[in-house]
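J.: Mind having a look at this structure? Questions to follow.
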Amino acid sequence: MAFVSRGFRGRQRRDVDATRVPPGQYVVNDFPVLSAGPTPRTDTADWSFRIDGEIDEPLSWTWDELMALPQETFTVDIHCVTKWSKLDTTWTGVSIDTLLDGVDTEAEHIVAWCDGDYTTNVPLEDVTGGRAWLAHTFAGEPLAAEHGGPARLLVPHLYFWKSAKWVRGLTLTIEDQPGFWELAGYHNYGDPWREQRYWSD
Amino acid sequence: MRLDGNALAGVLVEALGTEMTEAPRRCQSCGAVNPVGAHLLYQGAGWVLRCPACGDVALRVVSLSDQHVLTFAGEWRVETPR
Amino acid sequence: MERLRVDWRVATVSGVVDETPSARTLVLDVDGWPGHRAGQHADVRLTAEDGYQAERSYSIASAPEDPQVSLTIERIDDGEVSPYLAGELRDGDQFELRGPIGGHFTWRAQEGGPLLLVGGGSGLVPLMAMLRHRAAAGSDARTVLLVSSRTEEDILYRAELDRLASEGDGLAVHHTLTRGTPEGWQGSDRRVDAEMLTEVGPPVADAPRIFVCGPTPFVEAVADLLVGMGHAPASIHAERFGPTGG
């Protein structure tokens, strides 16, 4: 083992509830801001969301149209691959099921694309069945730009890099298309409960 | 808050065995040439180094317990002594 | 730059200097230290008894000519590492150090001047290594140091800077405070702006080599001002400091 420094204790490491906190994670009370690039500043007046790709007619919504859809407020735990977990986070948004309602597609995957150059891929079945949202409100307040506002994808059952900030659309794809981090060494699927952090896991 | 390529110097010397911050990189998108130390550094799920002129990605770094994974873009010129 | 083996080495605390109420310099004896260039930094690694490890980077404050390695640590109240390094640590204590690291943000006396050094808060640390090296090397390169600090008691190395500036070897030091000035204050009392840079800095036509260091917003504001004044972007070396966990 490396050299021990007298008297150094480090961050307080509390025992975690293993039924709530996946392996290798620690719980935080703040909300760390991590970004692959500069924070885009998109006004809701200029914002739109689009679903395209393997679909007969692409769909799109303006901000007002998004807000007119059925909204859900829900509380979930989120887990970042950099090892922090934040429990009981409350969001408001539109279920991806609502956005895909009535859509016929052969696609089995989606690529989420965003303001900036970020992309991430998720199996279609992982953003449906009540497992994912387009989220615009966090803890009762409009989602801050640094946390992905005006709206981000939220897929809390996967590591948080899949919950793409500043999302502007989903492309339905037949083939899986690895995104920004999946091409750079992170796991293609990213299940925190199986600790699927890296490509080799 | 973003940093710059100087903050990545330790990771790069650990990964590649050489000082990299003075290495010039020609951006694949805009053609600008800047030393690695002058590139902009963001911390997301991993490190992202970007061209200071156009913001396009120059390098992504993912660090596992037993390896670093580096994905380069653009034309990097590194000189190392023999 | 020559290839150096950058391994973890043992650093032993041989002395501490309380620079300000919140900053302390550690003077270290480092086994097998290969030497460094002014502006480089070192990584510090601490291991707790249960194996938990934390790592941070600190700019080297000492001149390359100094056989001991000095690091100046700003103590962050709820930080994980700085309260230990700048609080608990005593003479004889040891930790692991790796370095020297860096290249783009370095200056050697043989490269000459004129130099413009602009530091915000702890951004002064690597610039101080450059000034200490400049003095040890007997350089008379025309140099201006502009330091921005919050209050007078936050200024690092104040007495030494006053002494170096009075040597008559071509160094001028200018201070500005952003959160209040004491009575009789001779320096500036506002954030660095173009007027201040024009007044105290070498003229653009002299094409100075420029080093700017400190928190990101400070560095970017100053770099933008310098480019706006006509300084060549390639002449500006910037090193951004960020919150690293304390």
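J.: Hey, among A:THR128, A:THR98, A:THR105, A:THR171, which residue is more than 21 Å from A:HIS79 (Cα to Cα) and part of a loop (DSSP other than H, G, I, E, B)?
T.: A:THR105
J.: I've got another one for you. Do we find a residue being in contact with a Cys (Cβ under 6 Å, 6 or more places away or on another chain) and surrounded by 21 or more Cβ atoms within 10 Å (Cβ to Cβ) anywhere in the range C:185-193?
T.: No: zero hits.
J.: Shifting gears a bit: Mind listing just one residue for me: the one in the range C:14-32 that is assigned to a loop (DSSP other than H, G, I, E, B) and free of Cβ contacts under 8 Å to residues at least 40 places away in the same chain and, of those, nearest to C:GLU96 (Cα to Cα)?
T.: Among those residues, the one meeting the criterion is C:ASP31.
J.: Do you know which residues across the range A:17-42 are free of Cβ contacts under 8 Å to residues at least 60 places away in the same chain and either farther than 30 Å from A:THR119 by Cβ or not aliphatic (A, V, I, L, M) (or both)?
T.: A:ASP17, A:ALA18, A:THR19, A:TYR26, A:ASN29, A:ASP30, A:PRO32
J.: A further question on this structure: Does any residue of the range A:95-109 turn out to be in contact with a helix residue (DSSP H, G or I) (Cβ under 7 Å, 6 or more places away or on another chain) and β-branched (Val, Ile, Thr)?
T.: Checked the range A:95-109: no residue is in contact with a helix residue (DSSP H, G or I) (Cβ under 7 Å, 6 or more places away or on another chain) and β-branched (Val, Ile, Thr).
J.: Checking C:GLY180 against (1) in a loop (DSSP other than H, G, I, E, B); (2) out of contact with any Ser or Thr (no Cβ under 6 Å at 6 or more places or on another chain); (3) in contact (Cβ under 8 Å) with a residue 24 or more places away in the chain; (4) surrounded by fewer than 17 Cβ atoms within 10 Å (Cβ to Cβ), which single condition isn't satisfied?
T.: All conditions are met except number (2).
J.: Sticking with this structure for a sec: Among the numbered criteria (1) within 7 Å of another protein chain (Cβ to nearest Cβ); (2) surrounded by 23 or more Cβ atoms within 10 Å (Cβ to Cβ); (3) closer than 20 Å to C:VAL227 by Cβ, which one does B:ARG2 miss?
T.: It is condition (2) that B:ARG2 fails.
J.: Of the residues C:ASP189, C:ASP169, C:ASP154, which is under 16 Å from the mean Cα position of the chain (by Cα) and of a type outside the set (A, V, I, L, M, F, W, C)?
T.: Selected residue: C:ASP154, the only one of C:ASP189, C:ASP169, C:ASP154 that is under 16 Å from the mean Cα position of the chain (by Cα) and of a type outside the set (A, V, I, L, M, F, W, C).
J.: Kindly indicate the residue of the range C:38-54 that is over 13 Å from C:PRO64 (Cα atoms) and touching a helix residue (DSSP H, G or I) at 6+ places or on another chain (Cβ under 8 Å) and also farthest from the other protein chains (Cβ to nearest Cβ) among those meeting that condition.
T.: The selected residue is C:VAL44.
J.: I've got another one for you. Can you tell me how many residues in the range A:13-39 are farther than 25 Å from A:HIS157 by Cβ, of a type outside the set (Ser, Thr, Tyr) and in contact with an Asp or Glu (Cβ under 9 Å, 6 or more places away or on another chain)?
T.: 2
J.: From the set of residues in the range B:5-54 that are in contact (Cβ under 8 Å) with a residue 24 or more places away in the chain, outside any helix (DSSP H, G or I) and of a type in the set (D, E, K, R), which is nearest to the other protein chains (Cβ to nearest Cβ)?
T.: Among those residues, the one meeting the criterion is B:ARG25.
J.: Would you confirm whether or not the range C:112-135 contains a residue that is buried (at least 17 other Cβ atoms within 10 Å of the Cβ), over 16 Å from the mean Cα position of the chain (by Cα) and either touching a residue at least 12 places away in the same chain (Cβ under 8 Å) or closer than 16 Å to C:PHE218 by Cα (or both)?
T.: Yes, there is a match, as at least one residue in the range C:112-135 is buried (at least 17 other Cβ atoms within 10 Å of the Cβ), over 16 Å from the mean Cα position of the chain (by Cα) and either touching a residue at least 12 places away in the same chain (Cβ under 8 Å) or closer than 16 Å to C:PHE218 by Cα (or both).
Read-outs: derived from the displayed coordinates by stated rules, not from any lab. Model, not experiment: these values are computed from the prediction. Quick reminder, even Gly has a Cβ in these numbers, built from the backbone with ideal geometry, and neighbours come from all protein chains shown.
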